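A.B. asks: Have a look at this one before I ask anything.
Any read-out appearing in this document is the output of simple, stated calculations on the displayed coordinates, not a laboratory observation. For clarity, every value in this text was computed on a predicted model and none was experimentally measured. Note that we place each Cβ from the backbone using ideal geometry, even for glycine, and neighbour counts take in every protein chain shown.
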Amino acid sequence: MDPTERKKLLFCILISLFSIQTVNMNVTTIVPNFVERYHDSLGEIDVAFILTSFEVAALIFSPVVGLMLETLGRKNSIIIGFFVTICSTVGLACTEFI
């Protein structure tokens, strides 16, 4: 792999990680306020379980994504992950109107 291709790959990976962390930060700031406003019956422990589920899902699906990297290729996997991130962010934003 030539240096230019390595720089492009590194840039794509960094953008992907940045977008994932941005979504995670959005979720951790939105969920407690959402629960407080619309679901008074849920306590702090329930919110903690909701937020922990994101990390547990990442732990479970990491090996699956690793296998997908081999079959789909890194570039396609990053693009798919980016679109999934966008869709989940839009879906989370739409929960305000439900």
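A.B. asks: With only Lys, Arg, Asp and Glu charged, each at its Cβ (+1 for the first two, -1 for the last two), find how big the charge dipole of region 30-75 is about the Cα centre; round to the nearest 20 debye. Before the final figure, lay out each step's value.
C.D. replies: Details: 3 positive and 6 negative charges, 78 e Å.
Roughly 380 debye, rounded to the nearest 20.
A.B. asks: Rounding to the nearest 20 debye, state how big the charge dipole of the chain is about its Cα centre with +1 on each Lys and Arg Cβ and -1 on each Asp and Glu Cβ. Walk me through the numbers on the way to the answer.
C.D. replies: Working: 6 positive and 9 negative charges, 120 e Å.
For this selection, approximately 580 debye.
A.B. asks: Which of (1) 32, 14, 11; (2) 23, 15, 13; (3) 30, 18, 13 is the computed semi-axes √(5λ) of the Cα gyration tensor in Å for the structure on display?
C.D. replies: Entry (1).
A.B. asks: Assuming 0.36 nm per residue, please report the length gained on full extension of the stretch residue 84 to residue 60 beyond their Cα-Cα distance. Spell out each step's value before the answer.
C.D. replies: Values: separation 24, 0.36 × 24 = 8.64 nm, distance 1.69 nm.
Gain on stretching residue 84 to residue 60: 7.0 nm.
A.B. asks: Select from the chain the helices, each a whole stretch of DSSP H, whose alpha-carbon atoms run 18 Å or more along the helix axis and whose Kyte-Doolittle mean is at least 0.5; answer none if there are none.
C.D. replies: Working: long enough: 3-38 (51 Å, 0.45); 44-72 (41 Å, 1.59); 74-94 (30 Å, 1.28).
In the chain, the long hydrophobic H runs are 44-72, 74-94.
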